[in-house]
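The values are calculated or read from the model by the stated rules, or taken from the named source; none is laboratory data. It should be emphasised that the depicted structure is a prediction, and the values quoted were computed from it without experimental measurement. In this analysis, Cβ positions are derived from the backbone assuming ideal geometry, glycine residues included, and neighbour counts consider all displayed protein chains.
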Amino acid sequence: MSKLAINGGPKVREGSWPSWPIWDDSDCQAVVDVVRSGQWWSVGGTKVKEFEETFAKYQDAAHGICVPNGTIALIVALQAAGIKAGDEVIVSPYTFIASASSIVQANAIPIFADIDPETMNISPAAVEAAITDKTAAIMAVHIAGMPADMDAIMEIARKYNLKVIEDAAQAHGARWRGKGVGSIGDAGTFSFQASKNLTSGEGGIITTCDQQIGDMAWSIHNVGRVKGGEWYEHPVMGCNYRMTEFQAAILLNQLKKLDAETARRNENGLYLAERLSKIDGIKPQKRDDRVTTHAYHLFITRYLAEEKTGVPRDVFMKAMAAEGIPLSVGYLPLYRSGMFELDQNSCPLGCGFYGKTVDYADLRLPNCEKLCDSEAMWLTQAVFLGSRKDMDDIADAFEKVMDNINEIKV
Ligand SMILES: *Cc1c(COP(=O)(O)O)cnc(C)c1O
């Protein structure tokens, strides 16, 4: 008799999982209020300004500038921090494409440094080894919502006089030694795209404690105007990257729930990690002791059982899906993306200001590759808004498939 659901046995989990976004009449009212006010635009309205101030403060930053999405937030943050054509920016290969494509959009060169296999964040030692005379900045991505090692990254940045941009697109409410992410580096960025822990469908913000970077980001997002300048004066090269009042109204309303949601994700995430840690061959993302709050945008766990059991991750995951557990494999190493077969005869890779060549074809970053190719298994944030019983179902399914792994030996 088969025990596993994939072979006709009973499923661990029949029911559905929490869906996202979570909304109620107060969100509808917030949008209706903006419609009725006739102030749909951030220049005349109050909602974008109020959200910028509220969210910047929420992350311990002094300034916030709302933009249409998290990718644009990264481009503007890089430009506002003074990253120029031909500069190198060191970034993790284990993240969403925007962390690296934004660097290319800013005319700079992404230099990939490997991750720490346990925390899955960029390895400070790999960052230091990747520094050249062209390096201008480090992009610290807080992957899954878990802060990168900001102590080590800031120390390296000070030593080599580099800027630090925090890509906190997955890390709303996350804290490193008590301090909000997005306020530790020179600038931080967040996304409010539909899957993120705080959302208005699309949206983004740049946060900073640096007045000059804040003013420059404001100018870039507002077609190159300067604060206090004339309406048709454009001293800075910018674009129209403004957010609408409708989005800010939803964000202000959704932000009221974020503390409670983050607390719940932390409680459930810690509990699940503790249960999974007891299973031989399953290893959740290591939570650094200096992480005060993990945003748990993702819960990533490693599958390390292939050698011992002969069952590869993808087969294990099929058995988990049959048990009713929604796991996915996640990212590929970014430097394998087709976009990095960039034309060496055009900018930015062939940029005259760069004066070097970069070729991603032979790049091998083994920690990232192992994680992507055979280890990573993801659960997403909404699952962690569920109950203790939901966590037990997930852990029970992991235990069940591991205990009966002989049934799926290939
Ligand atoms: C979502 C995401 C982005 C991009 O945000 P968008 O709002 O989708 O443009 C950037 N970096 C990371 C790590 C992300 O997860």
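Quick notes on this one:
- Residues of the stretch 32-66 that turn out to be within 13 Å of Ala249 (Cα to Cα), of a type in the set (A, V, I, L, M) and within 27 Å of the chain's Cα centre (by Cα), as a count: 1
- Scanning the stretch 97-109 for residues that are within 13 Å of the ligand (Cβ to nearest atom) and buried (at least 21 other Cβ atoms within 10 Å of the Cβ) returns Ala98, Ser99, Ala100, Ser102, Ile103.
- Residue that is modelled with the lowest pLDDT, among those in the stretch 2-21 that are surrounded by fewer than 13 Cβ atoms within 10 Å (Cβ to Cβ) and on the phi < 0 side of the Ramachandran plot: Ser2
- Lone qualifier among Leu74, Leu78 - being closer than 30 Å to Glu369 by Cα, modelled with pLDDT of 95 or more and in contact with a Lys or Arg (Cβ under 9 Å, 6 or more places away or on another chain): Leu78
- Residue in the stretch 248-268 that is part of a loop (DSSP other than H, G, I, E, B) and not polar (S, T, N, Q) present: no
- The requirement of being of a type outside the set (A, V, I, L, M, F, W, C), within 16 Å of the ligand (Cβ to nearest atom) and at pLDDT 95 or above is satisfied by Ser92.
Results for (1) surrounded by fewer than 24 Cβ atoms within 10 Å (Cβ to Cβ); (2) basic (Lys, Arg); (3) within 16 Å of the ligand (Cβ to nearest atom); (4) under 21 Å from Gln211 (Cα atoms), shown as yes or no for each residue.
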{"position": "Glu53", "(1), (2), (3), (4)": "yes, no, no, yes"}
{"position": "Gly64", "(1), (2), (3), (4)": "no, no, yes, yes"}
{"position": "Pro68", "(1), (2), (3), (4)": "yes, no, yes, no"}
{"position": "Leu78", "(1), (2), (3), (4)": "no, no, yes, yes"}
{"position": "Asp116", "(1), (2), (3), (4)": "yes, no, no, no"}
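- For the stretch 176-189, the condition of being on the phi > 0 side of the Ramachandran plot, within 16 Å of the ligand (Cβ to nearest atom) and either buried (at least 24 other Cβ atoms within 10 Å of the Cβ) or among the acidic types (Asp, Glu) (or both) holds for at least one residue.
- Evaluation of Glu399 against (1) outside any helix (DSSP H, G or I); (2) more than 28 Å from the chain's Cα centre (by Cα) (one fails), failing number: (1)
- First in the stretch 176-187 and modelled with pLDDT of 95 or more, second anywhere and among the hydroxyl-bearing types (Ser, Thr, Tyr) and part of a strand (DSSP E or B), Cβ under 6 Å, 6 or more apart: Gly178/Thr292; Gly182/Thr207; Ala187/Thr208
- Every residue from the stretch 118-144 that is within 16 Å of the ligand (Cβ to nearest atom) and part of a loop (DSSP other than H, G, I, E, B): Thr119, Met120, Asn121, His142
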